[in-house]
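These notes are about the structure you will find just below.
Bear in mind these aren't lab numbers, they're just calculated from the coordinates by the rules spelled out. Not measured: the values here are computed from a predicted model. Positions of Cβ are backbone-derived with ideal geometry, glycine not excepted, and every protein chain shown enters the neighbour counts.
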Amino acid sequence: MTDANLRFPPAFLWGAATAAYQIEGAVREDGRTPSIWDTFSHTPGKVLGGDTGDVACDHYHRWRDDVRLMADLGIGAYRFSVSWPRVQPTGRGPAVQRGLDFYRALVDELLTHDITPMVTLYHWDLPQELESAFPSGSPAGGWPERDTAFRFEEYAGIVAGALGDRVEWWATLNEPWCSAFLGYGSGVHAPGRTDPAAALRAAHHLNLAHGLGARALRSVLPGRAQVGVCLNPSAVRPLTSAPADLDARRRIDALANRVFTGPMLRGTYDDDLLADTARITDWSFVHDGDLGVTRQPLGFIGINYYSPAVVSASADAAANGPRLDGHGAAEHSPWPGADHVSFHRAPGELTAMGWPVDPTGLTDLLLEYTAQAPGVPLFVTENGAAYDDKPGAAGQVHDPDRVRYLHGHLTAVHQALLSGADVRGYFLWSLMDNFEWAYGYGKRFGAVYVDYDTQVRTPKSSAHWYAKVAASGELAPPDQEGER
Ligand code: FCB
C-alpha cells in the first residue's frame, strides 16, 4: 500500500479547531467582561511581546467570512470554544443574550455550510470575577475553590439551553492539565499562581466541574447529543529502563494523565498519586460522593497531541523540566511532588515551539485510550505545529514542514484505526494563526495565515493539502500540496 491510498472511513470528520480567546478579540463588546486571560495578558512580562487577545483575529466581527473560508476549504467539522465571560459576564447569574446570539448565529452559519460544530465550553477563559471575588477566609478563588465547579455547572446549562437544539458534539473542558498545573503550578498561564497545593485542588475541581457540567448538559440536551472532554494526555516515555527512570515515568503519568482519567473514567484517584503528593496536600478537598460525579458516561474522548515527553530520575531537583510541552519557560514546576524528575528532548526535528516531531506518540495514545475506555469513540481534537511561516513575493504562504507534520500524524491516526481504535475524526490545530497564549502572536499554528495588520487571511499550502485530503478521504503524499 502506498501513502496515496491510505483511506479513512467515509464518515471520518475532517475538522479544524480554535478557541475563543485566541481568535475572537472584541473583548469589551456586547457586555463581555474580562477573563483571567485578559488580566494575565495585560500584566507586563506575562506574554511575549506584551501581546493580548484584545483584537486577535477579530473573529467576533469576521466570523461569517471565516466560516466561508472553511467551507471553501472543504472542512467538515469545526471545534470552537464559547467564551464564558461573553455569555455569563461575572460567572454567575443570568446570561447575556447578545453573547449567546453570537454563538447561535455562528452555529447556524456552520450548519448552512454542512460543517459539523463541536463546542468546547471551557478553553481557559475563566471570568475574572470568579478568580478575584473569593469567599471570605480563602486565599483566592478560581479553580482551587470548590464553588467554581458549581458555577461551571450553571454555565454549562445556559449554553446547552441556547445551542442544544443545533449542536450534537459537546466537550466540557479543554486540557484541564494546563488549567490546573500551568495556571496554578508553574504560573505560565492565567491566572499565573505558583502554588502546588492550589494546582492539585484546581485539578480536582476541574474534574468535578467536568462531571457536574456533563450532567447539566445531559439534563438539557436531546438524547442524540454526545458529551465528552478534551484532554492533553502525555505520551510519557522513560529515558532508560532503569527502575528509577520507570518510576519517574510512573510519577509523570500520574500527574499528567491519571489525575484526570482516574476520576473521569474509573471514579478514583490512584494511591500512588496520593502518596507522591502527600507532602503537599492531604486531598481533603475531595468530598464524599465527588468521585461518583466526576465519572460520567462519555460520548467521546478528545485527544490533543503535539509531542511525546521523555523523563528520567534525577538527583538534582533543579533539573525538573519546565513543562510537558512548553507553553512558556517556568521557574516553578508544574509537577507537584515530582521534584526529582528530569525532562529530556525526545528525538526528532523540532517545530518553532521547540517541540519534537514524533507521530508515534499519537498512535500510542489512541491505542492506550481504546484500552482504557473501551467502547468510547475517540477524536483527535487538536494536532498541528507552529513554523515560522512568511508570505512569499506573490503573497502565497508555502509551509512544507507543516504538511509533513500533518501527513505524519494522520498516518499515525490511520495506524491506530487499523489496530482497532475507534477514531471518528481529526481537528487540525489550528484553522488560522492566532494568539498562542504565553507566546502571543509570535507562534503561527494556522493552516491559514493571518496578517494581523490587515486581518487578511491567506490559506497556506498546508490548507490546500488538507482540503484535498478532506475531499478525498485519502492521505495525499506530502509533496502534493495542491496550489489552487
Ligand atoms: C494546546 C491548546 C491550544 C493551543 C495548542 C498549541 O495546548 O489547547 O489552545 O495553544 O496547545
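For the chain, compute the number of Lys pairs whose alpha carbons are separated by less than 25 Å, excluding pairs fewer than 8 positions apart on the same chain.
Step by step, the pairs that qualify in the chain add up to 6.
Using alpha carbon coordinates only, what is the Rg to Rh ratio of the stretch 155-272, with Rh defined as the Kirkwood radius?
Using only Cα positions, Rg/Rh for the stretch 155-272 is 1.06.
Using the number of other C-beta atoms within 10 angstrom as an exposure proxy, rank 429, 283 with the fewest first. It would help to have the intermediate numbers written out before the result.
Numbers: 429 24, 283 15.
Taking fewest neighbouring Cβ atoms as first place, the list is 283, 429.
After finding the eigenvalues of the alpha carbon gyration tensor for the stretch 11-57, what semi-axes result from the square roots of 5 times each, listed largest first in whole Å?
Numbers: eigenvalues 126, 44, 15 Å².
Each semi-axis is the square root of five times an eigenvalue, giving 25, 15, 9 Å.
For the chain, give me the percentage of DSSP beta bridges that are antiparallel, rounded to the nearest 5 percent.
Around 25 percent antiparallel, to the nearest 5.
Restricting to DSSP H runs of at least four residues, report the calculated mean residue ellipticity at 222 nm for the chain, -39500 (n - 2.57) per run over all residues, nearest 500 deg cm²/dmol. Don't skip to the answer; put the middle values down first.
Numbers: 14 runs with 158 residues, N = 484.
The helix-only estimate for the chain comes to -10000 deg cm²/dmol at 222 nm.
Need one number: nm distance between label points at residue 105 and residue 43, each 7 Å from Cα along Cα→Cβ, rounded to one decimal.
Result for the modelled spin labels: 3.4 nm.
In nm, to one decimal, how far is the modelled label at residue 113 from the one at residue 288, with both set 7 Å along Cα→Cβ?
Between residue 113 and residue 288, the simple spin-label model gives 5.3 nm.
Beyond 30 Å, what share of the Cα-Cα pairs of the chain remains, rounded to the nearest whole percent?
For the chain, the share of Cα pairs beyond 30 Å comes to 42 percent.
Which helices, taking whole DSSP H runs in the chain, have alpha carbons extending 30 angstrom or more along the helix axis plus mean Kyte-Doolittle at least -0.5? Intermediate values should be presented prior to the final figure.
Numbers: long enough: 196-220 (36 Å, 0.31).
Helices meeting the span and hydropathy rule in the chain are 196-220.
How many Å³ per residue does the convex hull of the Cα positions in the stretch 420-484 occupy?
Looking at the stretch 420-484, the number lands at 125 Å³ per residue.
Just need log10 I(q)/I(0) for the stretch 344-422 at q = 0.27 Å⁻¹, Debye formula, equal scatterers on the alpha-carbon atoms, no solvent, rounded to two decimals.
The Cα Debye sum returns log10 ratios of -1.25.
Taking the simple approach of a point 7 Å from Cα along Cα-to-Cβ for both residue 418 and residue 72, what is their distance in nm?
For residue 418 paired with residue 72, the spin-label model returns 3.6 nm.
Could you give the length gained by full extension between residue 479 and residue 92, i.e. 0.36 nm per residue of separation minus their alpha carbon distance, to one decimal place?
Result: 134.2 nm gained on full extension.
Under 16 Å from the 7 Å Cα→Cβ point of residue 376, by amide nitrogen: which residues of the stretch 162-180?
Within reach of a label on residue 376, which here means backbone N under 16 Å from a point 7 Å along Cα→Cβ, the stretch 162-180 contributes 170-177.
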